[in-house]
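Enquirer: Have a look at this one before I ask anything.
The values are calculated or read from the model by the stated rules, or taken from the named source; none is laboratory data. Given the structure is predicted, the values throughout are model-derived calculations rather than measurements. Neighbour counts run over all protein chains shown; Cβ positions are idealised from the backbone, glycine included. To get the accessible areas, we keep the full protein, side chains included, count just its heavy atoms, and leave off ligands, DNA and RNA. Shrake-Rupley method; radii C 1.70, N 1.55, O 1.52, S 1.80 Å.
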Amino acid sequence: MVHAGSYDMKLVILSVIIAIFSSFASLKIMTRLAVTKEIERQFWILAGATIMALGIWTMHFIGMLGHHLHSPMTFNTSLTFLSFLFIFIGSACIYVITARSTIPYLSKLIGITVMGVSIIGTHVIGILSVQPMGVVHYHLLLTLITLFLSLTIGAGIFLLFLYIKNTTTHITLKKLISSFFIGIGVSAVHYTAMEAVQLTEGPLSFNVERMTMISSLVFSTDRLAYVVGLATIVIILSIIVLTYSDKIKAEQQRLLLERELAEQTNKAQQDLINTIQRQQGVTLKYVKIGERYVHTLAEGELLAKLGLTPDIVVGKDLRDFLPQDYAEHKLQSYIKAWEGEVVNYEEQLNGTDYYMSLSPVIENGKVIEVIGSGIDITERMRAERILLESEKKLRESHALRRTLIDSLPIAILVLDTNLNIISVNKPHCHLFNIDVPIKEIIGKNVVQYRPNYYKNINEEEAKVKGIIENKQPVIDEIELHSGRIIKRSYFPFFVGKEFRGHLWTFEEITERKQIEQANQQAREAAEKANLAKSRFLSNMSHELRTPLNGILGFAQLLELDDTLTNQQRMFVHEINKGGRHLLNLINEIFDLSKIEEGKLTISTDSIRVDTVVNECINLIGSAADQKSVQIIHETENVEEGYVYADPIRLRQIILNLLNNAIKYNRLNGEVTVCYTYQEEHLSIHIRDTGIGIRPEEQEMIFAPFYRINHAYIEGTGIGLSLVKQLVSLMEGEVGVKSQVGLGSEFWVSLPRAACCKDAINTPNERKNANLLKQNTYIILYIEDNPSNMHLVREILGTVTGVTLLSAMTGKEGLKIAAQQSLDLILCDIHLPDLHGFEVLERLQSNPLTEHIPVIALSANALKEDIHRALEAGFTDYITKPIDIPAFIEAISEHMSNE
Ligand code: ADP
């Protein structure tokens with residue numbers, strides 16, 4: 001028999017309310033899970049699972065108690081607890097799964113299944129725990145519906161949990177609605193399951209495990225239901241209150257946190273703005289609005305340097321505040337950055353260089369703003385510009401140096417210490433036929449470029465090695481195979497004290513060498529020519545003097561002849577004058593040529609100058625008389641008038657000047673000789689009242705052979721040039737001042753001397769000649785020239801008591817000298833067989849002749865010839881042409897000295 005039973009509607013409603021209520025509490029706890037911390041979460045999972053399980057189980061238990069059967073119901077305690085455990089596990093499972101932030105599909109499926117199964121399990125086990133009086137039968141369709149509902153409701157519960165977890169709006173309402181549906185669903189499963197259970201009347205079997213509710217409880221089943229329901233509701237309410245209080249607490253914490261966060265954020269933002277403002281660079285932001293790129297931020301010190309302020313920039317497009325061209329140019333970078341590219345560029349504005357980097361900020365694949373940061377690079381750019389400038393200068397100087405060394409006429413080669421080429425110039429490559437571009441040679445070892453066409457290659461190699469090892473400057477010459485001569489110079493190359501390499505220079509000097517050789521040859525030729533000239537002049541002098549000896553000698557003899565008519569005497573006088581002029585000319589030419597050759601020697605001595613002047617005035621006296629020129633010798637302070645001079649040359653100088661002063665004077669003119677004294681010098685002035693010299697010629701008259709054309713005055717143009725040369729040899733000076741028509745004044749300045757020495761007498765000019773003391777004298781004259789012999793014979797013929805023997809050769813002379821008892825020998829120097837010096841030597845070496853005085857008689861009038869002869873032992877030296885009075889005087893002197 002089937003027991004249909006009946007329901008206590010109040011308990012049914014209570015069970016449903018509990019189901020809904022517990023569902024709400026469960027959902028509430030579930031939403032708490034999302035905001036709780038990890039430790040609390042465990043608690044809330046446990047609490048949620050308990051509440052949910054308790055709700056469903058209580059709903060089920062009350063529903064069972066509300067189902068009144070005809071026989072009293074007992075419950076199997078174990079199964080009753082098992083049913084609770086089942087739903088507890090299911091609920092816990094839902095919480096564990098839904099509490100996770102991401103839930104894979106498999107977990108969802110597991111969640112749905114576990115929930116469905118646990119609902120079924122709870123109900124089935126719960127029903128089985130009831131021990132009614134009879135057998136339990138199951139209505140198949142309703143059982144299937146129960147199963148289906150369990151799974152569907154389980155899935156629904158699970159999905160609603162998920163939904164509520166993720167929803168953000170109207171949460172409480174949604175929870176309420178969801179709770180309602182869950183509660184109804186759970187109740188529906190229960191009551192459908194109850195309908196599916198059919199109890200068949202049977203023997204009531206008790207077993208020891210059975211718990212008899214009626215007997216064990218003092219309450220009725222209804223009362224039990226209410227107690228359980230109430231207890232459950234109290235628990236659920238407590239949990240809800242707990243949830244709310246926790247939520248309120250959490251909310252308070254959240255608000256506190258949010259406030260703190262907001263404060264921190266504000267502070268951070270303010271700090272950021274301050275930092276941005278204080279930064280040396282610039283930070284800006286811009287966004288695109290329409291076609292405009294509008295700045296939303298512009299801060300930093302660089303902004304001011306660029307001549308901008310945040311007010312000018314913020315809210316504006318570049319084109320609003322920058323020059324149009326500049327803005328358009330920069331805009332291209334802005335556009336690129338807005339397209340998502342990081343753009344870097346360098347620019348200059350208002351004299352400030354800056355570097356800007358634009359970085360787009362991308363959100364969800366879209367650029368939402370661009371942040372730009374710029375730094376001041378003015379200093380760096382200036383440094384770069386200076387660097388560029390100095391690099392440019394360096395390049396220029398390098399190019400200049402290269403041009404310079406390439407344009408030098410010498411070849412240059414610079415090597416480092418390893419003999420690698422540091423520098424080389426084009427002339428070097430050209431000189432040594434190196435046909436490789438210079439830049440390819442630099443850095444290479446010199447060995448492969450060393451010229452191997454030296455004439456003496458091995459010798460040169462060794463020499464170069466030695467030079468490099470010695471590290472001492474060397475200049476030498478090398479010869480190439482081709483015969484070309486190279487001047488080679490080596491200099492060690494130091495930087496500070498550190499040896500850094502070798503510097504070689506090479507210069508082709510073949511042409512110079514040839515010129516030098518040619519010059520040398522020319523010099524030698526000139527020297528030869530000069531020698532020839534000297535010899536020629538010497539010979540000429542000798543050759544001219546010899547005939548002049550005849551001319552002047554015989555003319556002098558004629559002058560002595562009293563029988564001559566006046567006219568004849570005048571003729572003889574002219575011959576004499578012409579002869580003397582000629583003799584003078586020969587002497588001067590000879591002196592001048594000697595000076596030019598540098599062979600005229602001067603022997604200076606301290607000389608009293610007025611003595612020499614007096615001698616000269618005496619000598620020139622007759623010429624002055626002829627022109628009625630008066631010579632005035634001013635001798636003021638003359639006792640101080642000492643000079644360093646060669647006496648013979650000084651006389652020559654003064655004679656020359658006096659001669660000119662008379663020659664170029666007017667008739668009845670005057671010549672004044674006076675002296676001026678300076679500290680170191682004494683000047684002799686010879687002033688005339690003659691024709692004068694034009695200023696432009698006053699310098700030129702001292703040049704050799706320069707004459708002012710005076711048709712009526714004889715001259716050669718040699719005198720003054722000789723004066724100038726002689727004065728300069730004596731370290732003096734000569735000059736003239738003159739006025740045309742009024743006269744001239746020549747002056748000669750010579751170094752002053754302290755002591756005195758009178759002018760020496762030359763052999764030709766003697767004073768105090770002794771008269772002949774004996775009546776007979778035998779003189780031998782050795783002379784090859786018949787004319788000279790004839791002249792001397794004639795001269796001595798005028799002297800009483802003198803017998804003249806003659807010899808034409810040296811040997812003949814020696815023979816006569818050995819045989820005769822001679823008083824004097826006159827000997828020519830140039831004899832055909834023996835030199836005059838040899839004749840003297842032989843005479844002196846022969847005891848028979850050694851005592852005889854020997855006077856040299858020669859046309860050689862050079863001072864050194866005279867000197868040499870006197871040194872050799874000649875008693876005297878008489879130059880030709882013979883000055884008869886002086887000649888006689890000399891002879892008399894030496895014979896009387898006997
Ligand atoms: P020379 O008298 O044989 O011609 P000099 O060398 O002695 O040669 O003089 C050169 C020139 O200087 C002379 O030709 C003459 O014109 C000029 N001269 C020299 N001395 C005088 C002087 N005292 N008065 C004027 N002219 C002079």
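Enquirer: For the range 145-173, how many residues are open to solvent by 40 Å² or more (accessible area, probe 1.4 Å), over 16 Å from M30 (Cα atoms) and of a type in the set (S, T, N, Q)?
Expert: Residues that pass the stated criteria total 1.
Enquirer: Find the strands (runs of 3 or more DSSP E) located wholly in the range 799-896 whose residues include 3 or more that are open to solvent by 30 Å² or more (accessible area, probe 1.4 Å), in contact (Cβ under 8 Å) with a residue 24 or more places away in the chain and under 30 Å from A555 (Cα atoms), and list them.
Expert: Output list reads 802-807.
Enquirer: Another question, then. Quick check on Y345: is it in a helix (DSSP H, G or I), of a type in the set (F, W, Y) and open to solvent by 20 Å² or more (accessible area, probe 1.4 Å)? Write out each step before concluding.
Expert: Numbers: in a helix (DSSP H, G or I): no; of a type in the set (F, W, Y): yes; open to solvent by 20 Å² or more (accessible area, probe 1.4 Å): yes.
Criteria not met by Y345.
Enquirer: Follow-up question, since we're still on this one. Can you name the number of the only condition in (1) in a strand (DSSP E or B); (2) open to solvent by 40 Å² or more (accessible area, probe 1.4 Å); (3) out of contact with any Phe, Trp or Tyr (no Cβ under 7 Å at 6 or more places or on another chain); (4) not β-branched (V, I, T) that L297 fails?
Expert: (2)
Enquirer: Restricting attention to the range 653-676, and to residues there that are among the hydroxyl-bearing types (S, T, Y) and surrounded by 19 or more Cβ atoms within 10 Å (Cβ to Cβ), which single residue is nearest to the ligand (Cβ to nearest atom)?
Expert: The residue in question is Y664.
Enquirer: While we're here: Quick check: is even one residue across the range 635-652 without any contact (Cβ under 8 Å) to a residue 24 or more places away in the chain and either open to solvent by 10 Å² or more (accessible area, probe 1.4 Å) or not hydrophobic (A, V, I, L, M, F, W, C) (or both)? Outline the logic, then answer.
Expert: Quick first cut of the range 635-652, residues without any contact (Cβ under 8 Å) to a residue 24 or more places away in the chain only: 639.
Now narrow it down to the ones that are either open to solvent by 10 Å² or more (accessible area, probe 1.4 Å) or not hydrophobic (A, V, I, L, M, F, W, C) (or both): 639.
Yes - at least one qualifying residue is present in the range 635-652.
Enquirer: Next question, about the same structure. Would you kindly identify the strands (runs of 3 or more DSSP E) lying entirely within the range 602-669 that contain at least 3 residues that are closer than 19 Å to L682 by Cα?
Expert: So the answer is 605-608, 642-645.
Enquirer: Now for a separate question. Take E459 and tell me if it is part of a helix (DSSP H, G or I) and closer than 20 Å to F499 by Cα. Give the derivation first.
Expert: Values: part of a helix (DSSP H, G or I): yes; closer than 20 Å to F499 by Cα: no.
In short, no.
Enquirer: In addition: Does any residue in the range 390-409 that is within 22 Å of C429 (Cβ to Cβ) and open to solvent by less than 60 Å² (accessible area, probe 1.4 Å) come within less than 7 Å, Cβ to Cβ, of a residue that is of a type in the set (A, V, I, L, M) and modelled with pLDDT of 85 or more six or more places away or on a different chain, and which pairs are these?
Expert: Hits for this filter: I405/I412.
Enquirer: Further question on the same structure: Six or more apart or on different chains, Cβ under 9 Å: which pairs go from a residue in the range 559-584 that's touching a residue at least 40 places away in the same chain (Cβ under 8 Å) to one that's loosely packed, with under 13 Cβ neighbours inside 10 Å and part of a loop (DSSP other than H, G, I, E, B)? Could you list them?
Expert: Note: pairs meeting the criteria are L560/T798; H581/E714.
Enquirer: Out of all the residues in the range 744-764, is one or more at pLDDT 95 or above and open to solvent by 30 Å² or more (accessible area, probe 1.4 Å)?
Expert: Among the residues of the range 744-764, at least one is at pLDDT 95 or above and open to solvent by 30 Å² or more (accessible area, probe 1.4 Å), which makes the answer yes.
Rundown of residues vs (1) under 30 Å from H790 (Cα atoms); (2) at pLDDT below 85, yes/no style:
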{"position": "Q567", "(1), (2)": "yes, no"}
{"position": "R580", "(1), (2)": "yes, yes"}
{"position": "R608", "(1), (2)": "no, no"}
{"position": "V612", "(1), (2)": "no, no"}
{"position": "I617", "(1), (2)": "no, no"}
{"position": "I632", "(1), (2)": "no, no"}
{"position": "T635", "(1), (2)": "no, no"}
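Enquirer: The conditions are (1) over 16 Å from I852 (Cα atoms); (2) hydrophobic (A, V, I, L, M, F, W, C); (3) at pLDDT 90 or above, and I782 fails exactly one of them. Which is it?
Expert: The one condition I782 does not meet is (1).
One line per residue, one yes/no per condition, for (1) modelled with pLDDT of 85 or more; (2) assigned to a helix (DSSP H, G or I); (3) surrounded by fewer than 17 Cβ atoms within 10 Å (Cβ to Cβ):
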residue	(1), (2), (3)
E477	yes, no, yes
Y490	yes, no, no
E511	yes, yes, yes
Q517	yes, yes, yes
Q521	yes, yes, yes
K533	no, yes, yes
D562	no, no, yes
V572	yes, yes, no
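Enquirer: Being touching a residue at least 24 places away in the same chain (Cβ under 8 Å) and either hydrophobic (A, V, I, L, M, F, W, C) or within 21 Å of L303 (Cα to Cα) (or both) is true for just one of I362, I335. Which residue is that? Spell out how you get there, then give the answer.
Expert: Numbers: I362 fails: touching a residue at least 24 places away in the same chain (Cβ under 8 Å).
The match here is I335.
Enquirer: Only residues that are in contact with a Ser or Thr (Cβ under 8 Å, 6 or more places away or on another chain) and open to solvent by 60 Å² or more (accessible area, probe 1.4 Å): list them for the range 492-509, please.
Expert: R500
Enquirer: Tell me, which residue of the range 230-285 that is touching a Ser or Thr at 6+ places or on another chain (Cβ under 6 Å) and assigned to a strand (DSSP E or B) is least open to solvent (accessible area, probe 1.4 Å)?
Expert: Once the filter is applied, the top-ranked residue is T283.
Enquirer: So, one more: Any idea how many residues of the range 441-456 are outside any loop (DSSP other than H, G, I, E, B), of a type in the set (V, I, T) and open to solvent by less than 80 Å² (accessible area, probe 1.4 Å)? Before you say what the answer is, go through the steps one by one.
Expert: Just the residues of the range 441-456 that are outside any loop (DSSP other than H, G, I, E, B), to begin with: 441, 445-449, 454.
Checking which are of a type in the set (V, I, T) leaves us with 441, 446-447.
If we keep only those that are open to solvent by less than 80 Å² (accessible area, probe 1.4 Å) as well, we get 441, 446.
Counting residues in the range 441-456 that are outside any loop (DSSP other than H, G, I, E, B), of a type in the set (V, I, T) and open to solvent by less than 80 Å² (accessible area, probe 1.4 Å) gives 2.
Enquirer: When you look at N364, is it more than 46 Å from the chain's Cα centre (by Cα), at pLDDT below 90 and open to solvent by 40 Å² or more (accessible area, probe 1.4 Å), yes or no?
Expert: Numbers: more than 46 Å from the chain's Cα centre (by Cα): yes; at pLDDT below 90: yes; open to solvent by 40 Å² or more (accessible area, probe 1.4 Å): yes.
Yes; evaluated as a whole, the condition is true for this residue.
Enquirer: With respect to the numbered conditions (1) within 60 Å of the chain's Cα centre (by Cα); (2) part of a loop (DSSP other than H, G, I, E, B), which one is the sole condition not fulfilled by E696?
Expert: (2)
Enquirer: Which of (1) modelled with pLDDT of 75 or more; (2) closer than 30 Å to K28 by Cα does L224 not meet, given it meets every other one?
Expert: L224 satisfies every listed condition except (1).
Enquirer: Oh, and also: What residue, among those in the range 706-739 that are assigned to a loop (DSSP other than H, G, I, E, B) and within 14 Å of A661 (Cα to Cα), is nearest to the ligand (Cβ to nearest atom)? If you could, list the steps in order and put the result at the bottom.
Expert: Here is the first cut: in the range 706-739, the residues assigned to a loop (DSSP other than H, G, I, E, B) are 706-718, 730-732.
Subset that is within 14 Å of A661 (Cα to Cα): 713-715.
Details: I713: 7, E714: 7, G715: 2 Å.
Among those residues, the one meeting the criterion is G715.
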